[in-house]
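Structure, as structure tokens:
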Amino acid sequence: MGVTDPAGPVMDRDEVDRALARLGQEHEAIETSLLALQDHAGRRLLEGAELTGVTRERWTTAEASITLLWAYFDAYTDALRSAREIRSRRRWSSRDDLVELTELLRGESVTVAGSASATANAPTLHGGSGKLSEQFTLVTLVDRMNELYATSLDMVVAADAVWSALPARIDLLAAELQRTRRLAHSVGVRPGEHPAGDDLERITRTLTNLRSQVVSDPLAYWVPTQGSSAPGGGRPDTTVYDREARALEDVRREIDAVLTVRQDSEQRLVRLRDVLSRADRTLAEARTARGEVLAKIAATEVPVVSGPPTVLQEQLATAAEYRRHAQWHRLSPLLESLEQKAEDELLRARESLTAVTAPLAVRAELRGRLDAYKAKVARHGLAEDPFLIERYDAARRMLWSAPCDLRVAEQAVLRYQHAAAELLGGPRVPGPRGPEDRGGPGA
């Protein structure tokens, strides 16, 4: 919308013609802007909507402003028509005509009368004066129309931007929510039975309330851009929408996890049974090995081997029951817990077997070391040496007798190694340990 320039005292004919031409262009621009505002989709929606809150307050003001705008425009049109009629009386305007035109074009010659209802809610130049009519120059009248147009358009554009952005997105998210709800019900995820079901109920309520609020009070969800003077400068506030969209995505991931459980639960149960079975067999092997160690190894402490935990078998049976009754939402967390516990149980069983069979491993190592030195002595032609034979036989009797005292047997092997090293002229083998450094068979 255009703005007229300030004028001087008495205008000549050329000044009048230029002013009329400028005013005509401004009239066309103003009319185009007002018609565009009148046909704006946002304005039509505001006119027919049941508004609440801040939008209702601002639309009451904007609606009165638009009414006042048309009243100003009509007065502006009448003034322009009058000026054109005076100018068209004669080709060369008389001084009286020029005085009249100067007053009309530059003076406060435009009177705008309106009812109290039309102007009560619209901001006026003389706010609070209670006047039912106002006097304007054409310049101030155009300035006033620009001001009312800008504030009205800003409100209309902001409301339309929110309505164009949020309700459609909320509807799409609501449709996705319904699909997720149906899928959740198919796998037993329901309110009161699973946290994801409760989340779906909460998201549904929030989206329903959000849509209702956006439709009735769109300006409550508008964030103006600081420092922007353009009409509708800002963006829709999508904070609540974005939060619920993220929450729905979290629920979808939870449902996908439950669906995955439904698809591969049988294979996972089979693997669980296999892991627990291997743990049981390992524990059984450890118990057998413990009896063998106690019978064959003397003076050693063998850890007790516990039995398989019955609670895991009970939970495995519960998991199978959940699968039979398609209670996938309960089966999912139980399977995850069981898989971790089963691996831990298998590891514990293997550690028990290793701890129980440690003395047998020490005896096997001593036997291997004794035979290795005997082979070395034979390669050097000392196999018939009586001293070595005596030491070898002593160590062998201790290692192949039952029960075997590992501490004594180790000392006998070391004595044989020492004697062999001296005869071979090699580096001295550490001698048998005294009572004070007998740390155990694995030393």
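Which translational diffusion coefficient, to the nearest whole µm²/s, is obtained for the chain from the Stokes-Einstein equation, given a Kirkwood hydrodynamic radius over C-alpha pairs, 37 °C and 0.692 mPa s? Mind dumping the intermediate values first?
Details: Rh = 32.5 Å.
In µm²/s, the coefficient is 101.
Probe of 1.4 angstrom, ligands and nucleic acids ignored: what's the accessible area per residue over the chain, in square angstrom? Mind dumping the intermediate values first?
Numbers: 23480 Å² over 443 residues.
Here the residues of the chain average 53 Å² of exposed surface.
Quick check on the chain: helices-only [θ] at 222 nm, where DSSP H runs of length 4 and up contribute -39,500 (n - 2.57) each and the sum goes over total residues. Nearest 500, please.
On the way: 13 runs with 314 residues, N = 443.
Using -39500 (n - 2.57) per qualifying helix, the result is -25000 deg cm²/dmol.
Nearest 10 degrees is fine. How inclined is helix 13-39 to the longest principal axis of the chain, computing both from alpha carbons?
40 degrees
Principal axes first, then extents: for the Cα atoms of the stretch 141-184, list largest minus smallest coordinate on each axis, whole Å, largest first.
Cα extents, longest axis first: 63, 8, 5 Å.
Got a sec? Charge dipole of the chain, +1 on Cβ for Lys and Arg, -1 for Asp and Glu; which of PHE73, VAL187, SER265 is way out at the positive end?
Farthest towards the positive pole: SER265.
On alpha carbon coordinates alone, what is the Rg over Rh value for the stretch 212-330, Rh being the Kirkwood radius?
Rounded to two decimals, Rg over Rh is 1.46.
Using a 1.4 Å probe on the protein chains only, how many percent of the accessible area of the chain belongs to carbon and sulfur? If you can, show how the numbers build up before the last one.
Numbers: 12070 of 23480 Å².
The nonpolar share, carbon plus sulfur, comes to 51 percent.
What accessible area, in Å² to the nearest ten, does a 1.4 Å probe give for ASP198?
The accessible area comes out at roughly 70 Å².
So what is the relative contact order of the chain, in percent, for Cα pairs below 8 Å that sit 6 or more residues apart?
Numbers: 482 pairs, mean separation 56.5, N = 443.
Once divided by the residue count of the chain, the mean separation gives 13 percent.
By how many degrees, 0 to 90 and rounded to 10, does the Cα axis of helix 358-379 deviate from the longest principal axis of the chain?
Approximately 60 degrees, to the nearest 10.
Any chance you could give the angle, 0 to 90 degrees and rounded to 10, that helix 406-424 forms with the longest Cα principal axis of the chain?
The two axes meet at around 70 degrees.
At q = 0.17, 0.19, 0.21, 0.22 Å⁻¹, what is the base-10 log of I(q)/I(0) for the stretch 288-413 according to the Debye formula with one equal point scatterer per Cα and no solvent? Please give it to two decimals.
-0.89, -1.00, -1.10, -1.15
Excluding residues on the same chain fewer than 8 positions from LYS374, give the aspartates and glutamates whose Cα lies under 17 Å from its Cα.
Once the sequence-local aspartates and glutamates are set aside, what remains near LYS374 is GLU365, GLU384, ASP385, GLU390, ASP393, GLU410, GLU422.
Could you order the peptides 211-222, 404-415, 169-180 from most to least packed, using the average number of other C-beta atoms within 10 Å per residue? Can you show the working numbers first?
Working: 211-222: 19.1, 404-415: 20.8, 169-180: 15.3.
Per-residue Cβ counts within 10 Å, averaged per peptide and sorted highest first, yield 404-415, 211-222, 169-180.
Quick one: accessible surface of SER164, probe radius 1.4 Å, all protein chains present, in square angstrom to the nearest 10.
Rounded to the nearest 10, the figure is 80 Å².
Once R0 is set to 45 Å, what does the formula 1/(1 + (r/R0)^6) return for the Cβ-Cβ distance between ARG179 and VAL139, expressed as a FRET efficiency to the nearest 0.05? Mind dumping the intermediate values first?
Numbers: r = 61 Å, r/R0 = 1.35.
Given R0 = 45 Å and the Cβ-Cβ separation, E is 0.15.
Report, by chain and number, residues whose modeled amide H sits under 5 Å from the one on ARG235, excluding near sequence neighbours (fewer than 5 apart, same chain).
Answer set, sorted by chain and number: VAL223, THR225.
Considering all projection directions equally, how large on average is the shadow of the alpha-carbon convex hull of the stretch 1-110, in square nanometres?
Averaged projected area of the stretch 1-110's Cα convex hull equals 7.9 nm².
Leaving ligands, DNA and RNA out of it, rank ARG144, ARG181, ARG44 by accessible area with a 1.4 Å probe, largest first. Kindly include the intermediate steps, with their values, before the conclusion.
Numbers: ARG144 5, ARG181 50, ARG44 125 Å².
Largest accessible area first, the residues go ARG44, ARG181, ARG144.
The values are calculated or read from the model by the stated rules, or taken from the named source; none is laboratory data. Just so it is clear, the model here is predicted, and its values are computed rather than measured. Glycine also receives a Cβ, built like all others from the backbone with ideal geometry; neighbour counts cover every protein chain displayed. Only protein heavy atoms, including side chains, enter the accessible area calculation; ligands, DNA and RNA are left aside. Shrake-Rupley method; radii C 1.70, N 1.55, O 1.52, S 1.80 Å.
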